[in-house]
Amino acid sequence: MAPGTAWLSLVGLGADGVVGLAPGARAAIERAELVVGSARQLALVEPLLHHERYVWPSPLAEGVAKVLARRGRPTCVLASGDPFFFGIGATLAPQLTRGEFACHPAPSSVSLAAARLGWPLQDTEVVSLHGRDLALVIPALQPGRRVLALAWDRRTPAQLGALLTARGFGHSQLHVLEELGGPAERVRSCTASSYALDPVADLNLIGIDVAAEPAAFVLPRRASLPDSAFAHDGQLTKQDIRAITLSALAPRTGARLWDIGAGAGSIAIEWLLADPSCTAVAVEADATRCERIRANATSLGAPTLTVVHATAPDGLLDLPRPDAIFIGGGASVPGVFERCWAALPAGGRLVINAVSLESEARLLGWYAAHGGELRRLSIESAAPLGTMTGWRPAMAVVQWRAWKP
């Protein structure tokens with residue numbers, strides 16, 4: 001190939017296949033010595049295939065390695081719609097320089113859905129359920145919100161209707177859009193509670209006009225969840241302290257949290273709800289609590305939470321490196337702090353809450369050695385006092401916040 005010429009073409013396809021391709025995209029497929037895609041995608045462009053074709057294997061990494069091994073030879077990778085919208089482009093581009101590839105996007109399914117429904121994309125939330133847990137849609141269920149959910153298969157619309165109905169959003173309007181851009185395109189609507197649209201094509205997308213019933217539990221977007229949102233056995237960082245703790249942990253885009261002695265998992269779950277790109281590991285020594293954490297995470301729209309049944313510090317050895325650590329239980333166990341401090345990268349954040357005098361004494365020592373901030377948090381709530389009302393204090397929490405230099 002001539003110097004400076006892209007050897008890899010990323011070509012986006014619509015459901016109309018060859019008909020919808022621009023001339024440059026057609027030419028990229030025709031000149032490629034190898035065309036890579038799913039069986040469905042390859043079938044759509046069959047008239048343009050003049051050389052070798054390759055169906056993506058499982059695991060996908062094998063196919064990616066095959067494509068990269070062809071560096072310098074004309075190769076084409078097919079994608080659905082826009083290759084950089086939940087597509088293969090996001091996997092390949094980090095391993096290439098910009099001059100190595102050329103992208104020929106087609107309108108994404110989301111763009112087509114917005115066009116059919118008349119929804120401004122900037123005011124619409126997009127959630128991918130393609131190969132992901134259905135519970136990921138839960139944080140997006142805000143009254144009056146419009147959501148476009150990318151389906152996994154033909155079962156997704158019915159499953160979504162059932163989930164919305166069970167959570168008090170049965171009045172929400174569902175718009176099921178099938179085979180967008182192709183000859184079999186179809187758009188149908190119903191309420192979630194009256195869903196009866198099956199059968200549905202595997203290639204579909206669901207628009208949701210969210211409507212909440214009075215009893216629906218709507219997740220707050222910027223505040224801590226009420227304690228009643230979590231199943232627990234008493235081992236729970238209470239709402240007010242949790243809000244302060246999350247503020248100290250300062251979730252950031254793409255950051256990973258270790259929640260050690262996770263209890264009900266409330267800190268890790270709210271960390272994940274702060275941003276879809278955040279990740280978290282909840283470490284808990286009690287098996288029953290581990291199951292409870294998983295159930296809480298799913299019911300509150302954070303199914304990506306990794307739950308590790310282990311005892312610290314030994315159970316921390318093989319965990320992916322954190323950006324922030326919260327120790328809510330086990331601060332007094334020898335070796336836990338040392339293992340956590342060693343795992344943090346420069347700039348990493350550590351927050352420890354303590355209620356016992358023994359744990360508090362340890363915090364004082366670490367504060368003296370490493371600096372940071374030490375705070376004593378006390379919350380009082382109004383409660384009956386005979387025939388009157390008085391303040392009832394909760395157990396005070398000593399919180400240490402530190403940043404790894």
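The numbers here are math on the coordinates, done by the rules we state, and not lab data. Treat the numbers as computed from the prediction; the structure is a model and nothing was measured. All Cβ positions, glycine included, derive from the backbone under ideal geometry; neighbour counts span all protein chains shown.
Values for this structure:
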item	result
Debye, to nearest 20: dipole size of the chain, +1 on Lys, Arg Cβ, -1 on Asp, Glu Cβ	600 debye
Three-way shape call for the chain based on the alpha-carbon gyration tensor, with the a/c threshold at 1.5	oblate
Distance in nm between pseudo-label sites at ARG31 and THR97 (7 Å out along the Cβ direction from Cα)	2.0 nm
Prolate/oblate/rounded call for region 227-403, Cα gyration tensor, a/c under 1.5 rounded	oblate
Fraction of antiparallel bridges per DSSP, region 110-209 only, in percent to nearest 5	75 percent
Under 5 Å, built H, 5+ apart or other chain: amide partners of LEU13	ALA79, SER80, GLY81, ALA106
Computed over the chain: relative contact order in percent, which uses C-alpha pairs under 8 Å that are six or more apart	10 percent
Considering only region 227-403, percent of DSSP beta bridges that pair antiparallel, nearest 5	50 percent
Selected from LEU219, LEU385, LEU177 as most flexible by GNM, with the chain as the system and alpha-carbon contacts under 10 Å	LEU385
Within the chain, helix-based [θ] at 222 nm, where runs of 4 or more DSSP H residues each add -39,500 (n - 2.57), nearest 500	-7500 deg cm²/dmol
Global form of region 8-106, assessed from the alpha-carbon gyration tensor, a/c cut-off 1.5	rounded
Span from the region 354-405 Cα centroid across to the region 299-315 one, whole angstrom	25 Å
Net +/- balance of residues flanking ALA343 in space, Cβ distance below 15 Å, scoring K and R +1, D and E -1	0
Helix 239-249 axis, angle to the chain major axis (alpha carbon atoms, nearest 10°)	60 degrees
Whole-Hz couplings from phi, Karplus 6.51/-1.76/1.60, listed for region 166-180; x for Gly and Pro	5, 9, x, 10, x, 7, 4, 8, 9, 10, 9, 10, 10, 6, 4
Over region 248-405, relative contact order from alpha-carbon pairs under 8 Å, at least 6 apart, %	20 percent
Antiparallel DSSP beta bridges within the chain, as percent of all bridges there, nearest 5	45 percent
Gap separating the Cα centres of region 82-119 and region 162-202, nearest whole Å	25 Å
Radius 11 Å from Cβ of ASP227, net charge of other residues (Lys, Arg +1; Asp, Glu -1)	+1
Mean separation of Cα contacts under 8 Å, 6 or more apart, over the residue count of region 8-106: relative contact order %	45 percent
